[in-house]
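Everything on this sheet refers to the single structure shown next.
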Amino acid sequence: MDAVTKLASQRAVVVFSKSSCCMSHTVTRLFIDLGVNPIVHELDEDPRGREMERALAKLLGRNPAVPAVFIGGKLVGSTDKIMSLHMSGNLIPMLRNAGAIWV
């Protein structure tokens, strides 16, 4: 859990992902298209990935635990939550408040 918390606070937007997960790719692509430069941690490429995945599953209350998106160091959720925020117009203000975008 400590590793997840530490990594989640490294940048305004942090995505925990698996390289083979299409939903992780989709949410990361959305952030890039919005002008955000997220840091992406590929759990299947990290030696501590399984441990972090278990911690994320507990935080999210679901499995699979990816993608798990943190904005401003706080867990926001997975693809469904990010897309819902985007469609409702609440994602951009959240990204601005976290310092992920300036426009």
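The values are calculated or read from the model by the stated rules, or taken from the named source; none is laboratory data. Owing to the predicted nature of the structure, the values given are computational and were not obtained by experimental measurement. Please note: Cβ atoms are built from the backbone with ideal geometry, for glycine as well, and neighbour counts cover all protein chains shown. Just the protein is used for accessible areas: all its heavy atoms, side chains included, with ligands, DNA and RNA removed. Shrake-Rupley method; radii C 1.70, N 1.55, O 1.52, S 1.80 Å.
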Open item on the list: So, in the range 57-69, how many residues would count as being more than 10 Å from the chain's Cα centre (by Cα) and of a type in the set (A, V, I, L, M)?
Closed with: 4
Task: Check on Gly72, more than 12 Å from the chain's Cα centre (by Cα) and at positive phi - done: no
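Every residue, every condition in (1) part of a helix (DSSP H, G or I); (2) of a type in the set (Val, Ile, Thr); (3) modelled with pLDDT of 95 or more, yes or no:
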residue: Ala3; (1), (2), (3): yes, no, no
residue: Lys6; (1), (2), (3): yes, no, no
residue: Gln10; (1), (2), (3): no, no, no
residue: Val15; (1), (2), (3): no, yes, yes
residue: Thr26; (1), (2), (3): yes, yes, yes
residue: Leu30; (1), (2), (3): yes, no, yes
residue: Gly35; (1), (2), (3): no, no, yes
residue: His41; (1), (2), (3): no, no, yes
residue: Asp44; (1), (2), (3): yes, no, yes
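Tally time: how many residues in the range 72-103 are touching a strand residue (DSSP E or B) at 6+ places or on another chain (Cβ under 6 Å) and either assigned to a loop (DSSP other than H, G, I, E, B) or open to solvent by 10 Å² or more (accessible area, probe 1.4 Å) (or both)?
Step one: of the range 72-103, the residues touching a strand residue (DSSP E or B) at 6+ places or on another chain (Cβ under 6 Å) are 76, 82, 94, 98, 100.
Those left that are additionally either assigned to a loop (DSSP other than H, G, I, E, B) or open to solvent by 10 Å² or more (accessible area, probe 1.4 Å) (or both): 76, 94, 98, 100.
Number of matching residues: 4.
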- [ ] Go through the range 1-51 and give me each residue that's of a type in the set (A, V, I, L, M, F, W, C), farther than 23 Å from Gly89 by Cβ and surrounded by 16 or more Cβ atoms within 10 Å (Cβ to Cβ).
- [x] Val4, Leu7, Ala8, Phe16, Cys21, Val40, Leu43
Open item on the list: List pairs: first residue in the range 19-47 and on the phi > 0 side of the Ramachandran plot, second residue open to solvent by 40 Å² or more (accessible area, probe 1.4 Å) anywhere in the structure, Cβ distance under 9 angstrom, at least six positions apart or on different chains.
Closed with: Gly35/Trp102; Gly35/Val103
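Tell me which residues, restricted to the range 61-71, are over 14 Å from Phe31 (Cβ atoms) and either among the β-branched types (Val, Ile, Thr) or open to solvent by less than 40 Å² (accessible area, probe 1.4 Å) (or both).
Within the range 61-71, Ala65, Val66 meet the criteria.
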